[in-house]
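Every number here is computed from the coordinates shown, using simple stated rules; none is lab data. Remember, predicted model here, so these are calculated numbers, not experimental data. We place every Cβ from the backbone using ideal geometry, glycine too, and count neighbours over all the protein chains shown.
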Amino acid sequence: MGIYSIDMIFQNDFPVTLPKFAILVKYFEIFGTFEDDLSVNIFLPGDQSEKPFLVVPIKRSDIAASTNPYPVEEEGIERLNIISIPVILSPLSIVHEGFIKVRVKCGEIDTKLGRLMLRKLRPGDQIQF
């Protein structure tokens, strides 16, 4: 198990196959701001910007606004829709080095949620396996 924030480094050359790879997608929006459905788009290294590896559609009607069980102390605080989606890819084959990218599309708005570099160990990297 690993939790990665910047890069995932492999000793061997590409392609590599991971038995299981999980991504926890977290998306926040102000309640009532958007009406369009969402899609979570996951891109693997080498994918074209218009062709994600995986698309997870989310209907607007399936999104429930989160409720705060405690009273709001300040006026003007906005309610949020908070969406958490675990995505498990098993197995996952990576053909070459590059970024796994996670994007959420809502109508014409494309929100970049994060990326993780998958790369080979380079000379000078100070990593212990």
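Based on C-alpha pairs under 8 angstrom that are at least 6 apart in sequence, the chain has a relative contact order of 40 percent. Centroid-to-centroid, using Cα positions, region 1-48 and region 96-125 are 7 Å apart. Along the chain, the exposed loop sites are trypsin sites (Lys or Arg not before Pro) outside DSSP states H, G, I, E and B with at most 12 other Cβ atoms within 10 Å, and the longest stretch free of them is 60-129. Per-residue packing, averaged as other Cβ atoms within 10 Å, sorts the ranges 33-41, 80-88 into the order 33-41, 80-88, beginning with the highest. Basic side chains Lys and Arg get +1 at the Cβ, acidic Asp and Glu get -1 at the Cβ, and with that the dipole of the chain about its Cα centre reaches some 640 debye.
Within the same chain, lysines fewer than 8 places from residue 120 are excluded, and of the rest, those with a Cα less than 20 Å from its Cα are 20, 101.
Between the labelled values [x] 9.2; [y] 8.3; [z] 10.9, the entry that holds mean projected area of the Cα convex hull in nm² as derived from this structure is [z]. Fewest neighbouring Cβ atoms within 10 Å first, the residues 93, 5 line up as 5, 93. For region 80-127, the square roots a ≥ b ≥ c of the C-alpha gyration tensor eigenvalues yield an a/c of 1.5 or more together with a/b exceeding b/c, which makes the shape prolate.
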